[in-house]
Amino acid sequence: MIGYLKGPGRVWVGLALGAVVLFVLAPSVLSDFRLMLLGKYLCFAMVAVGIGLAWGRGGMLVLGQGVFFGLGAYLMAMHLKLSDAGPGKAPDFMLLYGSGVVPFWWEPFRSPVVTLVAILLLPAAIATVLGLAIFRRRVKGAYFAILSQALAAAFAILLIGQQTTTGGTNGLNGFRGFLGYNLFDPVNKQLIFSIAAAVLLAMLLLTWHLYRSRYGELLVAVRDQEERVRFLGYNPANIKLVAYAIAAAMAGVAGALFVPIAGIISPADVGVVPSIAFIIGVAIGGRNTLLGPVLGTILVAYAQTTLSEQFPGFWTYFQGALLILVIAFLPGGLASLWTVVKRGRRPGPPSAAPMAAAAADPALASEQKVSI
Amino acid sequence: MDVVVGQLFAGLSQGSILILIALGLALTFGQMGVINMAHGEFIMAGAYTAYVMQGILGDAGISLLIAIPMGFLIGGVMGVILEAVLIRHMYGRPLDTLLVTWGVSLILQQLARDIFGAPNVDVGSPSWLQGSVEVGGVALASARLFILALAIACVAALSAIIRFTSLGRRVRAVVQNRELAETVGISTRRTDRLTFFIGSGLAGVAGVALTLLGSTGPTLGTNYIVDAFLVVVVGGIGQIRGALIAAFVLGLLQSVFQYSTTASMAKVLLLIAIVIFLQVRPQGIFSVRTRSLA
């Protein structure tokens, strides 16, 4: 399935091609509005790279990536709000809805350095604590998926409930500048787009190295046969934890870049529904591949923008039907279409599935016993 | 004392809603290990059944009593169609089933939006459920007492089916060991389908009950599905009593948290409590004993 990615040369060619498209072609062809739209898609694609790692390679169905995306986004938004307000002053919405006193946990994010460090570390740290609690006790498969989804639900509810400190349902918006750069200036818009493009390419490079490394092999081994890996003397919990934490960090960075590009972050971008929307792009593109999640996510986001503008109802039907068809009949996603056509037959489901089945269904576990 | 009784009742009421929405899910999840995200939309279908029944019959009392079996039937038929068309072909891929049924739930929600409109609709409650009953100086809403009774009736009926009927025997056999059950001549396919009918039908009943508490909209199911899954996770698979205990404990905890903090904090605290609980019992309160390593 990843045949076309096997040669190291091809990956470099692919990355160079991506760089040309993103750094040269897109800024010169697209209008500012379209460029910012593509910038948003690139942020979603960063989340997708992480999901590809955790779900495609690690077999962990992460249904709550919106939480980490939201954490990064809100951290960045808090900093932008504070720097817009000026030193010692409170952001506009706090004056409007609350007492106008900046809560103590907002204060550290006046500093851009603290904010950037927090964006890089906080999502990964939370994922690590949560992952330790979940993976150490061998909670996996469907149970893990449900818990991660519940996390997304709780996070969105928490944000909505805190009107005076998080902006509630409205979220945070109306940012003017970042580090002294005016966010309305077209030149700065192009700059922030280029940063997003560079970060995405860097993430792809990192993920590609991970896939080729010894760790990448172990991760796939844990996905396919966790017990055997355990018997070989590894601790599968730690192997999964690393992938989960990296995926969380990627989502956090994506959220932080999303805020200056989109100009808004609200609970509607972080809850259960957007979290699953991230998964849809990955599934359609091909969860097992390096580029599949990225291209799938950009494709779905683009289709959503164009189709839902014109036929909002139709888009929902289309999205649902696409998800059903791809998952049921083309588990490898569009990336496997070529292989399927070439071989003239359907590929088997990804090998993650049978083992996840054994975890969730005691009846199927007997197969696992036999195979061990 | 009033506060304690009030909180206790609030918790019991919350628990009875949780068990109603989670009972069918516990059955299908325990039986087949598949996660049906469209379960929430079967709840929604039940709620709209109550709405349509009231539109046809007019009288709130009679329409409620007819809507309960109708909701069961409609939820059940939808479940059987889903099982036959999609889920049956995806055994052994539980995580993929989750995503596929999410696609189904997207489509069903949009369908409801196109048929009934995006704004919420209200179902009038019958006159005999509008007041409240005084117990120990605390007013208990009749509608909530009715839901509590309905939840108890559903649990009792399902337990009786599982325990005493031949279908129940087949279900228990398949839950314990699918291959062995097949070997001794049980048609697992027919058992699965019947289980799905009953489980989804219970979602429909839950939907009818929810119309007594609030208005009905296309996203009704999504609001409850996460809570329902948490009940199943805490309860453990394959046993009704696990789900029963989990629902009422979670309901009581939520009302206590809600009383001492805010509604949104209560949700977060509840989730933390569940993660801590899973540290102690990763398999939930009860689980069917297997020799599997997982």
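For chain A, the longest principal axis of the alpha carbon atoms and the long axis of helix A:65-85 meet at an angle near 10°. Spin-label pair residue B:134-residue A:305: with each label point 7 Å from Cα along the Cα-Cβ axis, the two points sit 6.4 nm from one another. Most mobile of B:146, B:72, B:164 per a Gaussian network model of chain B (Cα springs, under 10 Å)? Comparing B:146, B:72, B:164 in the GNM, the peak value goes to B:164. Counting only aspartates and glutamates at least 8 places from residue B:267 when in the same chain, those with an alpha carbon closer than 14 Å to its own are B:227. Within a straight-line Cα-Cα reach of under 16 Å, residue A:140 can be paired with the following aspartates and glutamates, leaving aside sequence neighbours fewer than 8 residues apart in one chain: A:224, A:226, A:227, A:361, B:96. Seen against the Cα atoms of chain A and their longest principal axis, helix A:214-224 is set at about 70 degrees.
Mean-square fluctuations from a GNM of chain A, with a 10 angstrom spring cutoff on Cα atoms, peak among A:176, A:137, A:57 at A:137. Excluding same-chain neighbours fewer than eight residues apart, the aspartates and glutamates reachable from residue A:81 by a Cα-Cα span under 13 Å are A:92, A:107. In terms of its alpha-carbon gyration tensor, chain B comes out oblate; a/c meets the 1.5 threshold, while b/c is at least as large as a/b.
If you take the Cα centroid of segment A:196-242 and the Cα centroid of segment A:113-189, the two points sit 23 Å apart. Taking amide H as placed 1.01 Å from N in the peptide plane, the amide H of residue B:237 sits under 5 Å from that of B:288, each at least 5 places away or on another chain.
For segment B:8-77 and segment B:223-252, what is the centre-to-centre distance using only Cα atoms, to the nearest Å? So the two Cα centres are separated by 16 Å. Rolling a 1.4 angstrom probe over the protein chains, ignoring ligands and nucleic acids, what is the accessible area of residue B:122 in square angstrom, nearest 10? Accessible surface of residue B:122 is approximately 110 Å². In a fully extended conformation the segment linking residue A:187 and residue A:133 would gain 14.9 nm over its present Cα-Cα distance, using 0.36 nm per residue. Chain B against chain A buries an accessible area of about 4800 Å², both chains summed, 1.4 Å probe radius. Simple spin-label estimate for residue A:25 and residue B:281 gives 5.8 nm between the two label positions (7 Å along the Cα-to-Cβ direction from each Cα). A simple spin-label model places pseudo-atoms 7 Å from Cα toward Cβ; at residue A:235 and residue A:104 they are separated by 3.4 nm.
The values are calculated or read from the model by the stated rules, or taken from the named source; none is laboratory data. Just so it is clear, the structure is predicted and the values come from calculations on it, not from any experiment. Methodologically, a virtual Cβ is constructed for each residue, glycine included, from the backbone with ideal geometry; neighbour enumeration extends over all protein chains shown. Each accessible area value is taken on the protein alone, full model and side chains, heavy atoms only, with ligands, DNA and RNA left out. Shrake-Rupley method; radii C 1.70, N 1.55, O 1.52, S 1.80 Å.
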